[in-house]
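The next block holds one structure in the form of structure tokens; read it before the comments.
The values are calculated or read from the model by the stated rules, or taken from the named source; none is laboratory data. Note that this is a predicted model, so its numbers are computed, not measured. A quick note on method: Cβ atoms are made from the backbone with ideal geometry, for glycine too, and the neighbour counts reach across all protein chains shown. SASA here: full protein model, heavy atoms, side chains in, ligands and nucleic acids out. Shrake-Rupley method; radii C 1.70, N 1.55, O 1.52, S 1.80 Å.
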Amino acid sequence: MLKVKNLNVSYGAIHAIHDVSLEVNEGEIVSLIGANGAGKTTTLSTITGLKKAASGEVTLDGQNLLAMPAPKIVGLGLAHVPEGRRIFAEMTVAENLEMGAYTRRERAEVQQSIEDVYGRFPRLKERYRQVAGTLSGGEQQMLAIGRALMSRPKILLMDEPSMGLSPLLVKEIFAIIGEVNASGVTVLLVEQNAKMALSIANRAYVLETGRVVMEGDAKELMGNSEIKKAYLGA
Ligand code: ATP
């Protein structure tokens, strides 16, 4: 479904991403793990068109995403839940969800999607008129996920959904990711929380200083002694 091939990305003289290749197949949850500064966010931002690639290929169902404007990428069925959530703090919960449907025209269908999101996140329904900036961290993450679902994506790219959340909320958010995936949405997940990321994923890639250094079945990676030492605190 999503294919990244020999991707290179630079920030001026800093070569942040080196020949990164990865694939996400339909129905999968694929995790991209790595330490601070490994290049996880840069990889996602390049896939979603927020950052320009120096070279390489990114395709979704065979269509070239590089050089495609972001709304068109959303229209193809790719949605991004950015790092730090980036909700519209001054707007209400309901308005934030509406914003997630900006590429869609059919009002009745958009309304149905809002109801679907409220069905999945009752806490958002209770707070639909609340200004989003006053939501708790976990609620803001739910809103960011809900907003991304409003574009009816085939594939959801999530950047550090566990960031800043308590262990209990991390569990809740990961359960939601599992449910979203079970409902038919493919997921590419970027995480520093390697334990959670590997436990939920089918496959994973390990990024170190901008390079893929390991990849494979998530359960096998969890059992790998190097991964245990470097990422799972064993
Ligand atoms: P984190 O988990 O801390 O967010 P990450 O794995 O997502 O890390 P990136 O944010 O992609 O890593 O950063 C990869 C490299 O690119 C780092 O060396 C970082 O300093 C550098 N970098 C990221 N954004 C910029 C920028 N806007 N300008 C210059 N360098 C940048």
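What is the packing order of peptides 112-121, 146-155, taking the mean over residues of other C-beta atoms within 10 Å and listing the highest first?
Working: 112-121: 16.6, 146-155: 21.7.
For the peptides 112-121, 146-155, the packing ranking is 146-155, 112-121.
Considering the convex hull of the alpha carbon atoms of segment 1-84, report its projected area averaged over all viewing directions, in nm², one decimal.
Averaged projected hull area, Cα only: 5.6 nm².
Return one whole number: the accessible area per residue of the chain in Å², for a 1.4 Å probe.
For the chain, the solvent-accessible area averages 47 Å² per residue.
Return an integer: the convex hull volume of the alpha-carbon atoms of the chain, in Å³ per residue.
With only Cα atoms used, the chain gives 119 Å³ per residue.
Step by step: find N for segment 107-204, compute 2.2 N^0.38 Å, then divide the Cα radius of gyration by it. What's the final number? Intermediate results must be reported in sequence, preceding the final value.
Working: Rg = 13.4 Å, N = 98, 2.2 N^0.38 = 12.6 Å.
This ratio for segment 107-204 stands at 1.07.
Among Ala38, Gly133, Ala79, whose Cα lies farthest out toward the positive end of the dipole of the chain, if unit charges sit on the beta carbon of Lys, Arg (+1) and Asp, Glu (-1)?
Checked the options; the winner is Gly133.
Give the angle, between 0 and 90 degrees and rounded to the nearest 10, that separates the Cα long axis of helix 107-120 from the longest principal axis of the Cα atoms of the chain.
With rounding to tens, the tilt is 70 degrees.
Taking the Cα centre of segment 113-234 as origin, sum charge times position over the Cβ atoms of Lys and Arg (+1) and Asp and Glu (-1), and report the length of that vector in debye to the nearest 20.
220 debye
Taking amide H positions as placed 1.01 Å from N in the peptide plane, with prolines and chain starts having none, which residues 5 or more places from Val185, or on another chain, fall under 5 Å of its amide H?
Residues meeting the criterion, in which the H sits 1.01 Å from N, do not exist here.
Past the 27 Å Cα-Cα mark, which pairs from Lys51/Lys125; Lys72/Lys125; Lys154/Lys228; Lys5/Lys219?
Among Lys51/Lys125; Lys72/Lys125; Lys154/Lys228; Lys5/Lys219, the Cα-Cα distance tops 27 Å for Lys51/Lys125; Lys72/Lys125; Lys154/Lys228.
Where does the Debye-calculated log10 I(q)/I(0) of segment 8-147 sit at q = 0.09, 0.11, 0.12, 0.19 Å⁻¹, using only Cα point scatterers of equal weight, no solvent?
Normalising to I(0) and taking log10 leaves -0.34, -0.50, -0.59, -1.19.
Nearest 5 is fine: what % of DSSP beta bridges in the chain come out antiparallel, could you say?
Numbers: 21 of 39 bridges.
About 55 percent, rounded to the nearest 5.
Can you give me the long-range amide H partners of Val81? Hydrogens built in the peptide plane at 1.01 Å from N, cutoff under 5 Å, separation of 5 or more residues or another chain.
Leu157, Met158, Asp159
Rounded to the nearest 0.05, what FRET efficiency do Lys3 and Met99 give with R0 = 25 Å and r taken as the Cβ-Cβ distance? Could you check?
Working: r = 29 Å, r/R0 = 1.16.
E between Lys3 and Met99, to the nearest 0.05, is 0.30.
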